[in-house]
Every structure is written in structure tokens, then in C-alpha cells.
1. Roughly how many nanometres apart are two label points built 7 Å out from the Cα toward the Cβ at N117 and S77?
2. At a Förster distance of 35 Å, what's the computed FRET efficiency of L21 paired with A146, Cβ-Cβ distance as r, to 0.05?
3. How would you rank 149-162, 50-63, 129-142, highest first, on the average number of other Cβ atoms within 10 Å across their residues?
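What follows is calculated from the coordinates using simple rules that are stated; it is not laboratory data. Note that this is a predicted model, so its numbers are computed, not measured. We place every Cβ from the backbone using ideal geometry, glycine too, and count neighbours over all the protein chains shown.
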Amino acid sequence: MGKNNEPKDPQDPREEIVTHLGPMRAFALSLTRNGAEADDLVQESLVKAWKNLDSFTPGTNMQAWLFTILRNSFYSSRRKVAREVSDPDGIAAGALAEKPAHDGRLAMNDFMAAFQNLPVEQREALSLVGASGFSYEEAADMCGVAVGTIKSRVNRGRARLVELLQSEGVDFGDMTDRVTEAVVNAAGRSGGVAA
């Protein structure tokens, strides 16, 4: 409320968009697995959002709206691509990677390698719920699936991450990235894995 109990003017949506660039890039990166592609996806999504700003309802969740546009753009581009270059073993990525000197960065690299091995649906669910902090309901709405489907994807993704990281001998306490730590520690606390 402003002075004299008058409602505040809602923030101009054009100004609010800028505050969501970081989370959008992180989400795009989790989907594309490539920095340049993630940047392109964010840019394409921002252009679409800007052009359709009149369809945004002020007072609603701008980040969820932007993430939905980004997600839809990602899947649209995947349908257009006739052939994908696959690197399931990470051989090409490994040739480009440089081993950092810091243990926390090594653990982060192990986490990212394990994360990249998850199916796109699990990466998406973990990014939305574990890293971006959306509720299961919000994530389900953005993905156009049932809440139970999102919960299942998150639980299966977390369990698989723990499995992959334990096979690599990663100590979760060494992870310095708060998002990584949150996703992995949540996996350790989950009571069971949904089928």
C-alpha cells in the first residue's frame, strides 16, 4: 500500500522482465546443456515475451510466464531439428573441459556431468522445483502435466543424481553451489522414489 492506504501502482512488466534474466538463463542452460544455445533460447523467449506483453496479466507470476514461454520455445525448436548431435558419453564435452584446481568446482563438474545424463523431463522438473524454487503445482502448470507427474520426475531425477554422484565418490558436503546442494540434499531426504 502507498500513502493514504492507496494501492501501489503495479510494476511495469517491461521493467520486471529484466529481473528474471538470470533464472531464465539457468533454466535454459539446464534444458539445452549448451551456453550459446541457452543464450539464444533466452533471447528468443524474451522477444516472444516482449511481443506478447499485452497477454501478461499484471499481478501474476512473471517468472512463471517467462519460463513457460522459454520452455515452449525449447520444445518447438527441438521438434524442428531433424537430427541432433548426441554426446551421451560426454567425450566431446570432456575434450573441451578443463579440470579446475578447487575441490568445490570439481564436485560441481561431477554434479553437472551427472545432471546432463538425466532425461530432459527430469532436468526440467529439477530445474523448476529444485533450483528455481517453484512449487510442484506451478511447475506442473508450466509443463502442462499433472502435479503427480512433476513429483515423479523430481523424485526419479533426484534419486538418479544421488546414484550417479555416489558412484563418482562425490561428497555432497563439498559442493559450494547452493542450488546444487539444495537439489542433491533434497534427494538424500526424499523418502522414496516414485515409479
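1. For the pair N117/S77, the computed spacing is 2.6 nm.
2. Values: r = 30 Å, r/R0 = 0.86.
For R0 = 35 Å, the calculated efficiency reads 0.70.
3. Working: 149-162: 21.5, 50-63: 11.8, 129-142: 19.4.
Highest-to-lowest ranking by the protection proxy: 149-162, 129-142, 50-63.
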